[in-house]
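Worksheet for the structure shown next.
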Amino acid sequence: MMIEWPFRGREAELSAIRAAFADPEVCGLVLTGRAGVGKTRLARHALSEATANGAHTLWVRATAAARAISLGAFAHLLPGNIDSADPARLLNQTAGALVRSAEGRRLVLCVDDAHLLDDLSAALVHQLAATATAFVVVIAPHGVDVPGPVFAMWKDRVAERLDIRELSREQTAELAEAALGGRLDGAAEHRLWHLTLGNPLFLRELVQGGIEAGTLTERDGVWRWTGELSATPRLVELISARTERADPDERMLLELLAFGDQLGSEPLVRLGGAAALAATERAGLIVSERQGRRLSVCLAHPLYGEVIRQRTSPLRQRRVHQILAEMLEATGARRKEDPPKLVRWRLAAGLPTDPRLVCSVAESLVWTDFAQAEQLATQAVQLGGGFRARYLLARLLAGRGRHDAADRLFGEVAEDALSDEQRSGVEAARAANVAFGLGDPARALAKTSDPVVRAAILAELGDCGTALELVGPVLDESDCPGVRRLAALTVAASALVKTGRTRACLSAVEEGLVVARHSREATVPGARVRLELARCAALAAAGRLEEAEDRAAESYREALEHRWPSAMAGCAAALGVVALGYGNLPAAVRWLREALTHTDLDRPYPFRTAVLAHLVRAVAMTGRVAEADRLLEQDLARHPFFARWESSCRAWVAAAGGETSRAVDLATGAADLAREEQRWAEELVALHDIVRFGAAQQVLARLESTAARVGGEFAPLYSGQCQAVAAGDGTALDAIADRFAAAGARLLAAEAAAQATRAHRVVGRVGSAAASARRARAWLETCPEARTPALSLLETPLDLTVRELEIARLVATGLTSRAVADRLVVSVRTVDNVLHGVYAKLGISGRGELASVIGMPGAGVPESRSAPVGE
């Protein structure tokens, strides 16, 4: 599959070129920049524009072979009758021939690789620009010597110089996504940026190589990178052409930097590398940087290291790592980052290494490089690290999503346990892996008596009351070990946010993070991620959406740096939930889909089912019924962990399809289940959904009672909205809308304003209704694609009952009376009788006119072209 790459990210440079073309005082441009930044592509695009504007454009590319021939680069443009032994005459004849070829149009000449021009060609280029005979665009790589006449063009201000730089991170992602036709997940975007540093040529070759090797793949519009780097042969050749010109000493230096990353210059000089350092820096292969009193050097581009490592034989790699280890040991390895490097290099060199040291380093890397921590733990096991190493590896495998392998290893580790404490620790860790990784909570509950693990499982199954009862005594223990207290706090935070006790949740999170900072145990990072997720959920429920977004974004960036898929998934999900709270449905769908790409598609994690539930709601709110229904029918949706979400999700799918009565019934069932399990916050959301579906009168007393149990800013707003809708109080709904908007919940604000619009219209307050409608539509500008039942009130006829409106909407979608009757579980006669009443009220003759007068969800809402919040 060959990718067609669009032209993106050069708007500023194109504007500068257009300005130069339009300026009568400017006769040329010199485009310079590093290899691969897109100088030639930019020039070709600019010449295409010039051609479209009526100019006569010529393209010349200089080569090393043609440099030995006078005017060799221009040979293909010259008529056969030009032949002169006099260079001056030949120069004038050539210039004249080029001008005549334009036939009176403006002549624009582009010269690529101008540093390879022969002297006469360089003089011709300078003459054409200096005499304003042609507008000359010259392209030359950064840092190379160019012929004197070309250099004189910008030195003497005959032409302007334009430095073409690498793309920014945002431009790099935009270009890759435009070429792929879908969004990169965060890990793929992070990796491509750090490997290419905005070089379009490197980006193109990496993406092409990833597709060909099957390591860059797409699912549901999201592109994900898995596996090792897959550079195309062309990219390898391009980089090798630069690096393989080095002599043996320089080659050794480049290999040391490829495998050692950033190294101090002093050890390299002691190795006899002073001359190699100077030569490779002059050649642009390495760069130096002063860090305090230390002078460090590294390769000039990350891909140089990738290619050098690929092309270095295993035997040579072992020797390079041995030299690196000896260099570091000679310095005393006193820096914080030195022990991990020393262990890695000794292992790669095949040198004897203490498994206890390897295990310690693996534990220390859990916080900063989860993938490498797993690799070192594996090596510690292979070196005979015993229980400690095997237990660590089992937990890391679980953390990386390899739950089958973790379960097998936990079984083996349990047999090696030497104490009751070790055995109980393994039992608890294995039960958590079985419940949350293998998706078998019943088996896990049968296998463990640990109250914290049991509480965690029950909380995810929805029984938050029992979960809090189980962790309460653990948290009351005065001598509870730090790691165990952290686990209990993590469960408590998750359960508290579901019960609506946002302040208590935030307090548990803060204490848990303090405990986490003082522990280096392998399970701590996972607990920290869950604490951060609970905090984001609590902040969002409390109406502090911006703070929740900032926390989630910070954690997401950290997860990318640490290369930990589970954390990436969790933070992406948090960003999706926040976007859903804002009402930015495209951003919510994007983030939630990314969260799913980071998890094993065959594993029914409770986390995955929660993400799926939010995704279904977001998709349904856009009116895409078939897509939402397909998501619901995934096998994961039938897993026990999904039970607490199912009715709520199906309610939104029904509402999106116009089945308002069914949506209200399903949301009522979701609220009932949540109340049974003391999930007051989730009950409140389900009851508020009923208000959004148009049945506020049915839940008036119950919603007020539940809101009193739940903390945060939204609870009283939900209650107030329900009371105002039931009373038809448009003024109160306008005030509620303002408060939703102030909290950032712009979709809820728009819905409340739409409800206010209808309430004002019912009592004849036309001016107030128009004002509320304007405010609703203004908020909807930042809620692209929103199509909810409440929004349809902006266009709904006033004199239809709820049942009439529901049947009319279903018929307006094209359903037959029989199909509507089957959906609503009524008779066909009932449907037809209701329809005749609707026709009479609306003054229409039949079904064909319904769609034009019935407000469907989202009808009349302008599509927004504004940038989605959170993207």
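What the Cβ-Cβ distance of residue 519 and residue 163 gives, at R0 = 51 Å and to the nearest 0.05, is a FRET efficiency of 0.55. Highest average first, the peptides 814-824, 416-426 ordered by how many other beta carbon atoms sit within 10 Å of their residues are 814-824, 416-426. Relative contact order of segment 11-163, taken over Cα pairs closer than 8 Å and 6 or more residues apart, is 35 percent. Principal-axis analysis of the Cα atoms of the chain puts helix 169-180 at an angle of about 80° to the longest axis. Ordering 476, 832, 463 by the number of other Cβ atoms within 10 Å of each residue's own Cβ, fewest first, gives 476, 832, 463.
Taking a point 7 Å from the Cα of residue 331 along the Cα-to-Cβ direction, the residues of segment 250-272 with backbone N closer than 13 Å to it are 257, 260-271. Computed from the C-beta positions of residue 12 and residue 48 and an R0 of 25 Å, the FRET efficiency is 0.85 to the nearest 0.05.
For the Cα trace of segment 11-163, dividing Rg by the Kirkwood Rh returns an Rg/Rh value of 0.94.
Each peptide in 622-630, 736-744, 10-18, 452-460 gets a packing score, the mean of other Cβ atoms within 10 Å over its residues, and the list from highest to lowest is 452-460, 736-744, 622-630, 10-18. As I understand it, the value is the acute angle between the Cα axis of helix 248-260 and the longest principal axis of the Cα atoms of the chain; what does it come to in degrees, rounded to 10? Between helix and principal axis, roughly 10 degrees. DSSP finds beta bridges in segment 11-163, and of those with both partners inside it, around 0 percent are antiparallel.
Please work out the C-alpha center-to-center distance from segment 640-663 to segment 89-146 and express it in whole Å. Using only Cα atoms to place each centre, the spacing works out to 70 Å.
Computed extension gain for residue 813 through residue 503, at 0.36 nm per residue and net of the alpha carbon distance, reaches 107.1 nm.
Arranged from fewest to most other beta-carbon atoms within 10 Å of their beta carbon, 391, 304 become 304, 391. Length available on full extension from residue 828 to residue 219: 0.36 nm per residue minus the Cα-Cα distance, which gives 215.0 nm.
Nearest 10 degrees is fine. How inclined is helix 451-461 to the longest principal axis of the chain, computing both from alpha carbons? Tilt relative to the chain: about 90 degrees. When only Cα pairs below 8 angstrom with a gap of at least 6 residues are kept, the chain shows a relative contact order of 7 percent.
Roughly how far apart, in whole Å, are the Cα centres of segment 266-318 and segment 419-442? Their Cα centres are 47 Å away from one another.
Of the options 56, 556, 397, report the single residue whose Cα projects farthest towards the positive end of the charge dipole of the chain (beta-carbon charges: Lys, Arg +1; Asp, Glu -1). Checking the options against the dipole of the chain, the answer is 56. In this label model, residue 778 and residue 554 are separated by 3.3 nm, measuring between points 7 Å along each Cα→Cβ vector.
Along the charge dipole of segment 291-450, Cβ charges K/R +1 and D/E -1, which of 343, 418, 432 sits furthest on the positive end? Checking the options against the dipole of segment 291-450, the answer is 343. Most simply put, the chain has about 35% antiparallel DSSP beta bridges, counting only bridges with both residues inside it. The order of the peptides 222-228, 20-26, 750-756 by mean Cβ neighbours within 10 Å, most packed first, is 750-756, 222-228, 20-26.
Put the Cα centre of segment 479-495 next to the Cα centre of segment 347-394 and the gap is 27 Å. Based on Cα contacts under 8 Å between residues 6+ apart, segment 81-181 shows a relative contact order of 23 percent.
Between residue 283 and residue 735, the modelled label-to-label distance comes to 7.6 nm, taking each label 7 Å out from Cα in the direction of the beta carbon. As a proxy for reagent exposure, 705, 719 were ordered by neighbouring Cβ count within 10 angstrom, fewest first; the result is 705, 719. The sum of -39500 (n - 2.57) across all DSSP H runs of n ≥ 4, divided by the residue count of the chain, sets its helix-only mean residue ellipticity at 222 nm to -19500 deg cm²/dmol.
Placing a pseudo-label 7 Å from each Cα along the Cα-to-Cβ vector at residue 676 and residue 155 gives an inter-label distance of 8.7 nm. Computed from the Cβ-Cβ distance with R0 of 60 Å, the FRET efficiency linking residue 296 to residue 469 stands at 0.60.
The numbers here are math on the coordinates, done by the rules we state, and not lab data. All figures in this text were calculated on a predicted structure; none of them were measured in a lab. So basically every Cβ, Gly included, is an ideal-geometry build from the backbone, and we count neighbours across all protein chains shown.
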